[in-house]
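Structure first, then comments.
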Amino acid sequence: MQEYASDPLVGTLVDNRYLIQSRLARGGMSTVYLSTDQRLERDVALKVMHPHMAGDPQFLDRLGREAKAAARLSHPHVVGVLDQGEDGRIAYLVMEYIKGHTLRDVLNEKGALSPRLALALIDPVVEGLGAAHAAGLLHRDIKPENVLIADDGRIKLGDFGLARAISTSTSTGALIGTVAYLSPELVLGKQADARSDIYSVGIMLYEMLTGRQPFDGEVPIQVAYQHVNSTVNAPSALVPGLAAEVDELVQWCTANDPDKRPVDGHALLSELRHIRTNLSDAELDLQPPGAVRSALPAVLPAAAPSPPPNRPPGSQRQAAGAREKPPAEAPTEMLGGLQQATEIISQGSNPTTVMSAPRRPAYGPLSTPDEEPFRGPYEDGPGAVLTAASKRAQRRQDRDEEKARRRAAATPVRRLREGNGQRRGLLWILLLVTAAVLAASAGWFFGMGPGSPGTIPQLSNMTVAEAQQLLRSAGFQSTTRDVFDENISAGLVVGSEPEAGRVIRKFQPVSLAVSKGPELFPLPELAGKPLDQAKNALNGAGMALGKITETYNETAAAGTVLAQDPPRGSPARHGTPVNLTVSKGPRPIPVPDVRGREQDAAVAALEAAGLKAVIAPETVHDRKVPKGAVVSQLPASGSLSKGGSVVLTISKGPKLVDVPSFIGKQAGEARRALEQLGFDVRVNNILGGFFGTVRDQDPVNTTVPEGSLITLTVV
């Protein structure tokens, strides 16, 4: 992770919640930061819009609507949108933080990928895109930079809805950053739909297989022009030996005409998984020229199972005799994409189908009207066209017939009732009638009966009875299974498998996922733990920290959890806030001032306050504090907890001092000497004290307490 110490937002708190740790990436419209959600104590990716975007009210309104729509999409292969808001001049999106790298990093490191690796990486992207299309969401900015690969191998598609929000507030120049993946209709400013995303997926798959983009130019407008006026070449032109099915998949997705592309992500996913399942190991492990063979630091998705019989028609190889690709200097024509006409043939049990004219299948295009149809050697008439599946079945039939002829030549055959032509004729009639009945039965079964195709209806938020009745009306049979769901009330249908919008045969079962409500987990015991440990326990249990209330407690140390709400063991869903009561320690008691009080009275006052009096072993003289009273205390003020000790020092009273006689001496000398001994001195002058001589002194030549008053009579 690269740090950007100079970024002014690093280290700041956005919306009083998201602490920005470091910058992850910067683009033309926004900057992405690694941030910590302090409320839930988890890392998130904070996408901050550039100031010129954040100042546009229309953009902010659209961004909010798109973020809400994207937040409703929950899929393991789509980066979740967690929050959106504004903080002053900062407009931001909060998204799930995926620690790892992007598909762009993989392409930069490895160059062209093997078909196995490319199809495995694109599979979860298309699956997530299909879920978004089913929910009515378009991406509009499919590119390797938006395909995130976590360190544990999870693959997710990010930035749903942002391109649409940006497009309402920017000029055409905003498309330059991703012009390499733009569909022709977006370049021309036409309405985009799910097929526009499919085009971008096709361009990205081309780049994964070849190591380069199909169109380039010195300026973006040249690339955009080629999207509109040129067709994407087959990847095998750069990767010799690449399977024709992979060529056709790329060209099907990148057809200039949206009507000739897969209708949405689910339609593409079905054909993609069919190809992954049916290609040989040699075709899947083909190493493109110049590929880097280092191991990819991610866990690849397993090959998907074969799709059900109603999958989109399979791809067929380019028909012999079809129009050749025009030379580079000639104007590029629109290719028809894949010439789809494959029928599902199970283990050779169905006969090869011969079609009189090409027709457009439900999920992909056939040859364009100006292409030369393939003329096969087994046609019934000049206008017949063999589909890709028919040609493969025909080749298998040729091999089987050749094998049968070889065996017939080596083994004599004994005929029954030779010469009985009438019996042989009846036998042929019986066989033809049987074949006709079987054909009619198969036509009814696959056309109107249980084998006919049907579309799974939208069943979310219905009761089980309503959903089952709707499925029965559409000709489907259903089963139920219980699942936890955070948003759907208990007893209502969460969804179906296959999901709504999928076209399947009516004999295939439909499984209804019925909500049991949110999954509840018991709350952990937090009382008695330090606050930090309690927070860690909440995070480990998937719960949120609620309100913290502090209170005094005489027994629990400060910072210890005293109680929790809801209490321990209570069932709660993940993310439930838990309120904590935390000790502030014992309540402090102000220390009373007992100096000057008698010892017993001082001790009683301290004990009444909840404190303990301790008498110092040494007493001291004090001229002002009488004997037996408190001279000093420690501490003299402040606060103590209950039971705290206060040390008292007791007075021995004033010290006794001998009073010498100063009679006959000068008054000034006498005063100074007496004051140095600690006495107070008072002078009475007789006749004005003219001579300044002490005539009398009271007391004199005795012992009195320090600080006593000595009276001098001066003449």
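The values are calculated or read from the model by the stated rules, or taken from the named source; none is laboratory data. Being a predicted model, the structure only gives us computed values, none of them experimental. Here Cβ is always computed from backbone atoms with ideal geometry, including for glycine, and neighbour counts include all displayed protein chains.
For the reader, a short list of remarks on this structure follows.
- Residue 61 being touching a Lys or Arg at 6+ places or on another chain (Cβ under 9 Å) and either assigned to a helix (DSSP H, G or I) or within 24 Å of residue 128 (Cβ to Cβ) (or both): no
- Checklist (1) more than 23 Å from residue 647 (Cα to Cα); (2) surrounded by fewer than 18 Cβ atoms within 10 Å (Cβ to Cβ) applied to residue 560, failing item: (2)
- Meets criteria (farther than 30 Å from residue 543 by Cβ and either polar (S, T, N, Q) or in contact (Cβ under 8 Å) with a residue 60 or more places away in the chain (or both)) for residue 105: no
- Residue within the stretch 435-442 that is in a helix (DSSP H, G or I) and either in contact with a Phe, Trp or Tyr (Cβ under 8 Å, 6 or more places away or on another chain) or modelled with pLDDT of 85 or more (or both) present: no
- Looking across the stretch 663-715 at every residue that is acidic (Asp, Glu) and assigned to a strand (DSSP E or B), the one that is farthest from the chain's Cα centre (by Cα) is identified as 696.
- Flag if residue 53 is more than 30 Å from residue 245 (Cβ to Cβ), touching a helix residue (DSSP H, G or I) at 6+ places or on another chain (Cβ under 6 Å) and hydrophobic (A, V, I, L, M, F, W, C): yes
- Some residue of the stretch 239-250 being touching a Lys or Arg at 6+ places or on another chain (Cβ under 7 Å), modelled with pLDDT of 90 or more, surrounded by 20 or more Cβ atoms within 10 Å (Cβ to Cβ) and under 18 Å from residue 142 (Cα atoms): no
- Count of residues meeting criterion [surrounded by 15 or more Cβ atoms within 10 Å (Cβ to Cβ) and modelled with pLDDT of 90 or more] in the stretch 516-529: 5
- The stretch 120-162, residues that are in contact with a His (Cβ under 6 Å, 6 or more places away or on another chain), over 19 Å from residue 203 (Cβ atoms) and assigned to a helix (DSSP H, G or I): 131
- Filter result (touching a Gly at 6+ places or on another chain (Cβ under 9 Å) and outside any helix (DSSP H, G or I)) within the stretch 64-85: 73, 74, 75, 76, 77, 78, 79, 81, 84, 85
- Conditions (1) of a type outside the set (A, V, I, L, M); (2) part of a strand (DSSP E or B); (3) farther than 30 Å from residue 586 by Cβ; number of the one not met by residue 618: (2)
- Looking only at the stretch 527-557, and only at residues there that are acidic (Asp, Glu) and in contact with a strand residue (DSSP E or B) (Cβ under 9 Å, 6 or more places away or on another chain), the one that is farthest from residue 39 (Cα to Cα): 554
Here's the yes/no breakdown for (1) farther than 18 Å from residue 157 by Cβ; (2) over 21 Å from the mean Cα position of the chain (by Cα):
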residue	(1), (2)
7	yes, yes
27	no, no
49	yes, no
66	no, no
75	no, no
93	no, no
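- Evaluated against (1) more than 19 Å from residue 570 (Cα to Cα); (2) at pLDDT below 85, residue 500 falls short on exactly one condition, (2).
- With respect to the conditions (1) crowded, with 16+ Cβ neighbours inside 10 Å; (2) in contact with a strand residue (DSSP E or B) (Cβ under 6 Å, 6 or more places away or on another chain), residue 25 lacks only one, and its number is (1).
- Restricting the stretch 193-232 to residues that are of a type in the set (A, V, I, L, M) and over 31 Å from the mean Cα position of the chain (by Cα), the residue that is surrounded by the fewest Cβ atoms within 10 Å (Cβ to Cβ): 219
- Hits in the stretch 549-559 - residues which are in contact with a Pro (Cβ under 6 Å, 6 or more places away or on another chain) and under 17 Å from residue 525 (Cα atoms): 559
- Among the candidates 624, 642, residue that is charged (D, E, K, R), in the same structural domain as residue 594 (by TED's automatic domain parsing), farther than 14 Å from residue 707 by Cβ and out of contact with any Ser or Thr (no Cβ under 6 Å at 6 or more places or on another chain): 642
- Of everything in the stretch 66-82 that is touching a helix residue (DSSP H, G or I) at 6+ places or on another chain (Cβ under 8 Å) and without any contact (Cβ under 8 Å) to a residue 60 or more places away in the chain, the residue that is farthest from residue 126 (Cα to Cα) is 82.
- The lone exception for residue 54 - which of (1) in contact with a Leu (Cβ under 8 Å, 6 or more places away or on another chain); (2) within 19 Å of residue 96 (Cα to Cα) it fails: (2)
- Qualifying residue in the stretch 66-82 (condition: of a type in the set (Asp, Glu), at pLDDT below 90 and more than 23 Å from residue 487 (Cβ to Cβ)): no
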